[in-house]
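Worksheet: one structure, shown below.
The values are calculated or read from the model by the stated rules, or taken from the named source; none is laboratory data. This one's a predicted model, so the numbers in the text were calculated from it and none came from an experiment. We place every Cβ from the backbone using ideal geometry, glycine too, and count neighbours over all the protein chains shown. Protein only, heavy atoms only, side chains kept; ligands, DNA and RNA dropped before computing areas. Shrake-Rupley method; radii C 1.70, N 1.55, O 1.52, S 1.80 Å.
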Amino acid sequence: MRFNTALIHGNFASDKKTGATCVPIYQSTAFSHDSAEELESIFKGSAPGFVYTRLNNPTIESFERRIAFLEGGVGAVACSSGMAAVTLAVMNIAKNGEEIVSGSGIFGGTYSLFKNLEAYGIRVRYVADSAIESFESLINENTRLIFIETVGNPKLDVPNIHALSEIAHSKGIPLIVDNTVTTPYLVNPIKLGADIVVHSTSKYINGSGNSIGGIIIDSGRFKWDESKFTSLVDFRKFGRFTYLAKLRNGLFRDFGSCISPFNAYLNSVGLETLGVRMERLCENALRLAIRLSENDKVLAVNYPGLKDNRYHSIAKEQFGGRFGAILTIRVGSKENAFKVIDNLKYAVNLANIGDVRTLVIHPASTIYINSSAEEKESAGVYDDLIRISVGLEDIEDIEEDFTQALEKIG
Ligand SMILES: *Cc1c(COP(=O)(O)O)cnc(C)c1O
């Protein structure tokens, strides 16, 4: 089954009872059972069935099955947000006294989370660049996972997923990859060797910016060393589902991180058009990047699709010749950046990516407002940087919009 067909038919069929083509929204908190024995077996894990929407729900499960199929995982757990997914994916295996090795260009929210995890005894070490040796040199006996994003945001660095998975496995730890920015349309990290994939589905999977959601997908392949991953020992009877079973019966349940059935429905509907949207978004982004690099008001354009970009060849190899829809530009000063943003007519100024609309933000004064100069530098955030999440408008209109706004900076 090819990608666009899989979006529509992969692990999904019309509702058996009614023929409904969209997944029904089971807006029910709990699910009744005919006998006490039946409910007992569900609680024991020896029979399938729904209990309570904080644990699972048919609408949510349908979304999980579709994403697991697209990412090539054995299963998935949908969460209330991308941040819930990232939090739980790492806390499911890392605990007090243990460490994470992370890429440095990561999403601001994840960076903030990692800072907060220090209070719980989990230390995060950041690589200075995306070199494989830099990751390797930070791994020690307390490291429990490597965490990367397929494309750092807003640094737009592109780590080599396959090479990092080999390093991780040689040290007996899993590679967790945030695939939000590229989506399964551009890459399946599991096929390249990653063990666990997370998404903020609020972005491209939803596509229209109408609901928050996240998801964790497990490849089911990683061999958990029980002396290292002691908290998984009780769940080993679940075999390939050890990680997911611990997650669903552990912090996911106890933190109450479930997605609402309605948001799972909206994300499922959005998912069906992911392929055509991504195709157009990537085309639009490349065109805008080329056009902006010809504009003399723009000092630098960062987009992995540009041939002279540092990450062009690895991005081309990993993402099959398309490069996503996020780019950044530098315009000389914070004042210039503000002037451009304030003069844009179509591009909307807000903190999000992956909408149908073109979005812009000045990261230094918003997402990174509480970061030190050093932290900003390591995240690739400069005072004159504007991040652009290209939308589905006719790209000529967006090009004209940027051209006129850039004219204003004199
Ligand atoms: C937005 C985002 C998140 C967080 O997702 P939310 O749904 O906003 O909680 C995590 N990772 C990346 C790469 C993101 O862009």
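For residues that are outside any loop (DSSP other than H, G, I, E, B) and either away from the ligand (no atom under 12 Å from the Cβ) or open to solvent by less than 10 Å² (accessible area, probe 1.4 Å) (or both), scanning just region 196-216, find the one that is farthest from Leu247 (Cα to Cα). Among them, the one singled out is His199.
Taking the conditions (1) charged (D, E, K, R); (2) buried (at least 20 other Cβ atoms within 10 Å of the Cβ); (3) more than 16 Å from the ligand (Cβ to nearest atom) in turn, Glu118 satisfies each one other than (2). Residues of region 286-313 that are part of a helix (DSSP H, G or I) and either on the phi > 0 side of the Ramachandran plot or in contact with a strand residue (DSSP E or B) (Cβ under 6 Å, 6 or more places away or on another chain) (or both): Ala289, Leu292, Ser293.
In region 92-112, of all residues being modelled with pLDDT of 95 or more and in contact with a Ser or Thr (Cβ under 6 Å, 6 or more places away or on another chain), the one that is most open to solvent (accessible area, probe 1.4 Å) corresponds to Glu99.
For region 217-249, taking the residues that are more than 26 Å from the chain's Cα centre (by Cα) and among the hydroxyl-bearing types (Ser, Thr, Tyr), the one that is farthest from Val90 (Cα to Cα) is identified as Ser227. Per this entry, Lys155 is not counted among residues that are assigned by TED's automatic domain parsing to the domain that holds Val77 and away from the ligand (no atom under 15 Å from the Cβ). The residue that is farthest from the ligand (Cβ to nearest atom), counting only those in region 92-115 that are within 24 Å of Val181 (Cα to Cα) and of a type in the set (S, T, N, Q), is Asn92. Candidates are the residues of region 130-172 that are assigned to a loop (DSSP other than H, G, I, E, B) and more than 20 Å from the chain's Cα centre (by Cα); the one that is surrounded by the most Cβ atoms within 10 Å (Cβ to Cβ) is Ile139. Say we look at region 221-231 and pick out the residues that are open to solvent by 10 Å² or more (accessible area, probe 1.4 Å) and in a loop (DSSP other than H, G, I, E, B); which of these is nearest to the ligand (Cβ to nearest atom)? Within region 221-231, the match that is nearest to the ligand (Cβ to nearest atom) is Phe222. Within region 49-91, being among the polar types (S, T, N, Q), within 16 Å of the ligand (Cβ to nearest atom) and either buried (at least 20 other Cβ atoms within 10 Å of the Cβ) or closer than 11 Å to Ile217 by Cβ (or both) holds for one residue alone: Thr87. Of all residue pairs spaced 6 or more apart or on separate chains, none has beta-carbon atoms under 6 Å together with a first member in region 166-178 that is free of Cβ contacts under 8 Å to residues at least 24 places away in the same chain and a second member that is open to solvent by less than 70 Å² (accessible area, probe 1.4 Å) and assigned to a strand (DSSP E or B).
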